[in-house]
Amino acid sequence: MPLALGAKLGPYEIQSALGAGGMGEVYRARDTRLERTVAIKILPEHFSCDPLRRQRFKREAKTISSLNHPHICVLHDIGSQDGVDYLVMECVEGETLVKRLEKGPLPLDQVLKYGAQIGDALDKAHRSGIIHRDLKPGNIMLTPTGAKLLDFGLAKPTAMIGATTLTAAVTKTTPVTQEGTVVGTFQ
């Protein structure tokens, strides 16, 4: 059931719906303590009784909180109220790459700029032992200052140790995605 405008989750007041995906609903909200706009992702009601879904949701929070990078969405808080689990993140203003591409192709200089920024964000995640697993235009937000990588809901930690690179870790183990399986979300 969607949250009503004006509803409160802890100190956060819901202002509007921003979107919904397979693992959550996202709302624009006001942090009444710090007087700032935030994005709140909630675990949908039909998943709240599923321990595996709740575990994945909490893993997303831990994953995001371990990554401090200018091109990765920042996690501010987590909470649970009346059976509603939620993540509080920075509210990234802009448009998704998928929305921007509906208007036509990007100029080469922007492609290179955004590509380098997302590559840098993924490099940070990989060096931190995290694989995003849902990289797609809908999970990249374009802002006036550059690109931001969103939605670590399918992210998983790797078995990397120290300075081991992702490539080395993958070649020494089984494939990241087993043959005949699909990981990610369809668009």
Subject >> Cross-link table K124/K148; K62/K99; K8/K136, entries beyond 24 Å C-alpha to C-alpha >> reply: K62/K99; K8/K136
**OP:** Report relative contact order for the stretch 9-54 in percent, whole number only (criteria: Cα-Cα under 8 Å, sequence separation at least 6).
**Re:** 28
Subject >> Extended-chain gain in nm, criterion 0.36 nm per residue less alpha-carbon gap, L18 and D123 >> reply: 35.0 nm
**OP:** Give, as a single signed number, the net charge of other residues whose beta carbon lies under 11 Å from the beta carbon of M141, with Lys and Arg counted +1 and Asp and Glu -1.
**Re:** -1
Original post:
Using only the Cα atoms, what convex hull volume per residue in Å³ does the stretch 65-106 have?
Top reply: 111
Subject >> Residues whose placed amide H lies under 5 Å from that of E95, excluding near-sequence neighbours >> reply: L142
Subject >> Potential extension, S48-E35 segment - 0.36 nm per residue separation minus Cα distance >> reply: 1.8 nm
Subject >> Options C91, V38, A61, ranked by Cα towards positive dipole end of the stretch 9-103, top entry (Cβ charges) >> reply: A61
Subject >> Residues L108 and Q81, FRET efficiency given R0 of 45 Å [Cβ-Cβ distance, rounded to 0.05] >> reply: 0.45
Subject >> Given charges at beta-carbon only (K, R positive; D, E negative), |dipole| of the stretch 8-90 in Debye >> reply: 200
**OP:** For the stretch 33-47, take each phi angle, set θ = phi - 60°, evaluate the Karplus expression 6.51 cos²θ - 1.76 cosθ + 1.60, and give the result in whole Hz per residue in order, putting x for glycine and proline.
**Re:** 7, 9, 6, 9, 8, 9, 10, 10, 9, 10, 6, x, 3, 5, 9
Original post:
Using alpha carbon centroids, what distance separates the stretch 119-145 and the stretch 27-65, in Å?
Top reply: 19
**OP:** Find how much the distance from R28 to N68 grows on full extension, using 0.36 nm per residue of separation minus their present alpha carbon separation; answer in nm with one decimal.
**Re:** 12.2 nm
**OP:** Per residue of the stretch 126-132, in order, report the coupling 6.51 cos²θ - 1.76 cosθ + 1.60 (Karplus, θ = phi - 60°) as ³J(HN,Hα) in whole Hz, putting x for Gly and Pro.
**Re:** 5, 5, 8, x, 10, 10, 5
Original post:
Hey, what's the per residue convex hull volume over the C-alpha atoms of the stretch 11-147, in cubic angstrom?
Top reply: 118
**OP:** Round to the nearest 0.05 the FRET efficiency obtained for A4 and A116 when R0 = 41 Å and r is the Cβ-Cβ distance.
**Re:** 0.50
Subject >> Distance (nanometres) between label positions extended 7 Å along Cα→Cβ at L135 and K58 >> reply: 3.0
Subject >> Local electrostatic count at V92 - Lys and Arg +1, Asp and Glu -1, tallied over other residues with Cβ under 14 Å >> reply: +2
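Since every read-out is calculated from the coordinates, none of them should be taken as a lab result. Keep in mind it's a predicted model, so treat the numbers as computed, not measured. Reconstructed Cβ throughout: ideal geometry from the backbone, glycine too, with neighbour counts over all protein chains shown.
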